[in-house]
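First up is the structure itself, then whatever we jot down about it.
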Amino acid sequence: MSKIGLIIGREYSSRVKKKSFIVMTILVPILSAVFLIGAVYLGTPEVKDLKVLVVDDTGIIVDDIIDNQKNNKIIPKTAHGNIVDDPDAHLNEKYTFQEYEEVANGKSADDAKIDFVENEKYKDCDVILYIPKNITYSKVVKLYYKETPSPKALTYINLLVNESIEIASLSNYNITKEDYQEIKKKITLHSILYSDKDEKDTRTAIKAGIGFAFGLMIYMFIFLYGVQVMKGVIEEKTNRIVEVIISSVKPFELMMGKIIGIMFVGLTQFFMWVVLIGVLTTVVVPFVVPDEYSPMFQAGTQTEIQTSQEVGAMIEPELQNTMQGNELLDVLINETPWASMLLVFLFFFIGGYLLYGSLMAAIGSAVDSETDTQQFMLPVTMPLVFAYLISIMGIQDPDSPIMVWCSQIPFTSPVVMLVRYSANGGVGMGWDLVLSMFLLVITFIATTWLAAKIYRTGILMYGKKVTYKELFKWLKY
Amino acid sequence: MQEEEILFRADNIVKKYANHIALNDVSISVPKQSIFGLLGPNGAGKTSLIRIINQITAPDSGNVYINGEKLNREHVSIIGYLPEERGLYKKMKVGEQAMYLAQLKGMSKKEAKTSLDYWFKKFEIDAWWNKKVEELSKGMAQKIQFITTVMHKPQLLILDEPFSGFDPINSNLVKNEIKKLRDEGATVILSTHNMGSVEEICDDIALINNSRKILGGKIKEVKESFAKDQYTIEFKGNVVAFANAVWGGWELIERTQIGEHHFKAIVKLVGGNSLNNYLKALLDHVEVLSVNKVIPSMNDIFIQAIEDQKLQKENNINLTNKTEENE
């Protein structure tokens with residue numbers, strides 16, 4: 001046992017000390033942090049100051065608009081009712097509305113357009129909001145701009161004008177403001193999956209997506225480190241050190257020592273990444289990114305919106321779009337069972353890695369150089385790639401029959417099961433999960449056993465082009 | 001003579017692979033504190049036997065004993081093995097690597113360091129401790145491989161073609177080191193094609209060909225058995241007188257003139273003629289300066305033995321063919 005420990009130690013330390021390992025370990029979290037921050041930045045477009053020149057031919061609505069806007073009556077009340085945590089609250093400060101006073105002198109939009117460019121008084125306005133006289137029938141307002149305003153600004157102005165007109169016309173219909181507020185409340189469609197007497201929230205695709213990210217990680221690790229096992233075996237073979245070593249230890253010990261040593265390298269890298277990404281996002285990001293854009297802040301906001309949503313408050317559909325990105329963060333932070341998720345990840349990572357790693361070791365032993373590996377690599381990597389593709393499709397429908405089957409088959413389960421587990425939030429997966437784990441363990445024991453047989457013959461074979469027939473013979477030696 | 005103590009013994013080893021037999025009923029025994037030459041052409045089965053001793057493979061039948069004990073995993077630490085196909089981790093530092101290999105052999109860190117310090121000094125390579133193997137020349141790497149084979153003071157040293165790749169100086173260094181190790185108590189099994197070095201340092205040999213042992217024993221005895229009643233006779237006098245001195249019972253194999261009336265002849269005695277009788281007759285006619293029995297070189301014996309086996313095999317085939325024809 002102590003000898004296998006020595007081998008594990010050498011495999012581990014010789015790799016961890018490599019420059020490429022250190023660079024990879026540090027660079028990947030930094031890059032992903034940069035991407036994350038970049039994504040949040042891009043997802044939250046910068047809100048520019050906007051000055052709106054209101055040309056109101058009706059002469060009545062402009063005051064309401066300016067009043068509603070200044071006092072922030074529209075958006076907060078109709079949307080969330082909570083001004084402080086509203087990420088859009090600051091829009092009120094960013095946008096200013098100015099009345100085109102020349103309307104009183106009989107001027108209208110065409111004059112405004114000229115003034116808007118030439119007149120010192122109105123030159124600093126960015127857009128003209130033109131409300132025609134027949135607005136209550138035509139329901140069309142026009143917006144002239146110098147520079148394309150952001151979609152957010154358009155939504156905001158639309159909402160503001162709409163509500164102001166509606167409020168202004170309430171008296172025509174004998175509706176009180178209170179009734180109006182009541183009518184305006186929208187229903188929220190909260191879809192819940194009902195099965196096995198369990199109610200499941202269906203933000204399933206997002207959850208499946210998170211599972212897929214874990215599955216993808218396993219997929220990448222198996223590839224990266226499986227190939228390292230193979231390369232390591234080929235290296236020992238071409239260096240001709242292998243015979244010296246197996247005169248001291250059993251070939252099986254050498255093979256397992258290598259596989260396990262490299263597995264620890266992989267785990268080390270993974271935990272380093274988790275820690276570094278954690279540190280970067282919690283410590284560094286708040287310094288770099290203003291509060292309202294930081295993912296933590298937005299996720300926090302989202303939770304409260306979620307709660308208010310549940311008690312029946314309204315959410316404007318237009319505003320929901322801007323929250324799609326934040327829902328992911330919300331699921332990540334509030335709805336992902338991290339502890340069990342990590343355990344399942346570790347189990348399937350180790351199981352899948354041992355399964356494929358042993359096969360890769362067998363391949364490495366059978367060839368003289370990396371260029372000869374292709375014919376054997378293909379059948380080994382195919383199920384893995386298949387699992388990856390199935391998982392991508394499975395994000396939309398994580399419990400489809402093919403997903404269920406592939407989450408049981410040990411060659412695909414390390415990737416697929418992660419998607420299913422996460423999609424179901426780890427709920428109601430008792431026998432499913434246990435069977436899959438059991439099958440994985442049985443299979444990696446079997447492949448390790450087979451691989452060891454090929455390995456102990458292969459490592460001492462030089463200069464021979466090996467065929468499948470040959471490999472099959474070695475199993476019987 | 002006192003019965004020799006046997007350190008290593010292999011009894012009736014058989015090892016088959018899918019398409020051929022690597023070892024067919026091979027038995028050898030290696031006396032303690034001797035150098036044993038394991039000889040044979042390429043593909044004869046030497047490496048198969050060596051791998052069995054190192055427990056890299058197991059024989060299909062037959063037993064192997066070390067110190068009278070059946071071969072087991074514990075023996076790994078008392079065997080030092082230098083394979084024919086040998087190398088080192090290129091990216092690893094020399095010292096680190098030697099320490100690693102020493103610990104795999106079961107040495108503690110401290111023991112390994114002490115022993116390696118000793119050997120590195122002895123081979124004058126202590127400056128390389130922190131160098132990577134890829135920075136070393138082939139000869140330097142060979143030295144390190146030799147050290148890692150002997151660093152744990154193995155009782156049994158197995159060296160497969162140890163001199164290949166060494167320049168004459170290092171080859172000599174290693175040769176002397178092997179002898180010294182034997183004198184200090186180690187037993188050495190040496191597999192090589194280099195017959196010169198066999199003659200120089202081996203005490204016993206076994207010759208394996210076509211998966212069978214075809215020759216074995218003390219090197220002196222083997223040589224004696226191949227000597228064919230041939231003698232080198234140096235004499236002064238007349239050649240004709242030499243030729244006519246004895247009428248029958250001998251053949252002239254070769255004759256060279258060394259100086260005026262001074263010759264050297266190789267003669268073979270036949271028909272049960274004894275050297276004494278031959279000399280008696282000869283002495284009256286020429287002046288005999290020296291008489292030496294012709295002892296064949298290991299090289300000759302190697303080739304002779306393998307050709308003999310080949311002939312025998314062909315005869316067997318012919319015989320079986322004939323019987324088949326008769327039937």
Seminar exercise, completed: residue B:86 fails exactly one of (1) assigned to a loop (DSSP other than H, G, I, E, B); (2) surrounded by fewer than 20 Cβ atoms within 10 Å (Cβ to Cβ); (3) among the charged types (D, E, K, R), namely (2)
Exercise. For segment B:1-24, what are the residues that are of a type in the set (A, V, I, L, M, F, W, C), more than 21 Å from residue B:305 (Cβ to Cβ) and within 14 Å of chain A (Cβ to nearest Cβ)?
Worked result: B:18
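Any chance segment B:144-153 includes a residue that's in a loop (DSSP other than H, G, I, E, B), within 19 Å of residue B:93 (Cα to Cα) and either assigned by TED's automatic domain parsing to the domain that holds residue B:45 or of a type in the set (Ser, Thr, Tyr) (or both)? Walk me through it before giving the result.
Step one: of segment B:144-153, the residues in a loop (DSSP other than H, G, I, E, B) are B:151-153.
After this cut, where a residue has to be within 19 Å of residue B:93 (Cα to Cα) as well, the list is B:151.
Restricting the remaining residues to those that are either assigned by TED's automatic domain parsing to the domain that holds residue B:45 or of a type in the set (Ser, Thr, Tyr) (or both) gives B:151.
Yes, that holds for at least one residue.
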Exercise. How many residues does segment A:332-345 hold that are assigned to a helix (DSSP H, G or I) and touching a residue at least 60 places away in the same chain (Cβ under 8 Å)?
Worked result: 6
For this session: Determine whether segment B:25-38 contains at least one residue that is within 11 Å of another protein chain (Cβ to nearest Cβ), at pLDDT 90 or above and either part of a loop (DSSP other than H, G, I, E, B) or in contact with a helix residue (DSSP H, G or I) (Cβ under 7 Å, 6 or more places away or on another chain) (or both).
Result: no
Exercise. Can you name the number of the only condition in (1) in a strand (DSSP E or B); (2) hydrophobic (A, V, I, L, M, F, W, C); (3) closer than 27 Å to residue B:41 by Cβ that residue B:266 fails?
Worked result: (3)
Seminar exercise, completed: Scanning segment B:114-144 for residues that are modelled with pLDDT of 90 or more, in contact with a Gly (Cβ under 9 Å, 6 or more places away or on another chain) and surrounded by fewer than 18 Cβ atoms within 10 Å (Cβ to Cβ) gives B:129, B:130, B:131
Problem set entry | Every residue from segment B:236-263 that is of a type in the set (A, V, I, L, M) and farther than 14 Å from residue B:286 by Cβ | B:253
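Answer yes or no: is there a residue in segment B:48-64 that is among the hydroxyl-bearing types (Ser, Thr, Tyr), part of a loop (DSSP other than H, G, I, E, B) and in the same structural domain as residue B:14 (by TED's automatic domain parsing).
Filtering segment B:48-64 down to residues among the hydroxyl-bearing types (Ser, Thr, Tyr) leaves B:48, B:57, B:61.
Next cut, part of a loop (DSSP other than H, G, I, E, B) only: B:57.
Keeping just the survivors that are in the same structural domain as residue B:14 (by TED's automatic domain parsing) gives B:57.
Checked against the condition, which is being among the hydroxyl-bearing types (Ser, Thr, Tyr), part of a loop (DSSP other than H, G, I, E, B) and in the same structural domain as residue B:14 (by TED's automatic domain parsing), segment B:48-64 yields at least one hit.
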Seminar exercise, completed: Checked against (1) buried (at least 16 other Cβ atoms within 10 Å of the Cβ); (2) more than 27 Å from residue B:144 (Cα to Cα); (3) within 14 Å of chain A (Cβ to nearest Cβ); (4) not charged (D, E, K, R), residue B:94 satisfies every condition except (2)
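Restricted to segment A:218-252, and to residues that are charged (D, E, K, R) and surrounded by fewer than 24 Cβ atoms within 10 Å (Cβ to Cβ), which residue is farthest from the other protein chains (Cβ to nearest Cβ)? Write out each step before concluding.
Filtering segment A:218-252 for residues charged (D, E, K, R) gives A:231, A:235-237, A:240, A:243, A:250.
Adding the requirement that they be surrounded by fewer than 24 Cβ atoms within 10 Å (Cβ to Cβ) leaves A:231, A:235-236, A:240, A:250.
Values: A:231: 12, A:235: 8, A:236: 8, A:240: 3, A:250: 8 Å.
Filtering segment A:218-252 for residues that are charged (D, E, K, R) and surrounded by fewer than 24 Cβ atoms within 10 Å (Cβ to Cβ), the one farthest from the other protein chains (Cβ to nearest Cβ) comes out as A:231.
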Problem set entry | Number of the exception - residue B:172 against (1) more than 19 Å from residue B:104 (Cα to Cα); (2) out of contact with any Lys or Arg (no Cβ under 9 Å at 6 or more places or on another chain); (3) surrounded by 13 or more Cβ atoms within 10 Å (Cβ to Cβ); (4) within 14 Å of chain A (Cβ to nearest Cβ) | (4)
Problem set entry | Enumeration of residues in segment B:97-109 that are facing chain A (nearest Cβ under 10 Å) and outside any helix (DSSP H, G or I) | B:105, B:106
Exercise. Any chance segment A:439-461 includes a residue that's closer than 29 Å to residue A:335 by Cβ, aliphatic (A, V, I, L, M), assigned to a helix (DSSP H, G or I) and more than 14 Å from every other protein chain (Cβ to nearest Cβ)?
Worked result: yes
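The values are calculated or read from the model by the stated rules, or taken from the named source; none is laboratory data. Since the structure is predicted, the reported quantities are computational estimates derived from the model, not experimental observations. Because the Cβ atoms are built from the backbone with ideal geometry, glycine has one as well, and the counts that use them run over all protein chains shown.
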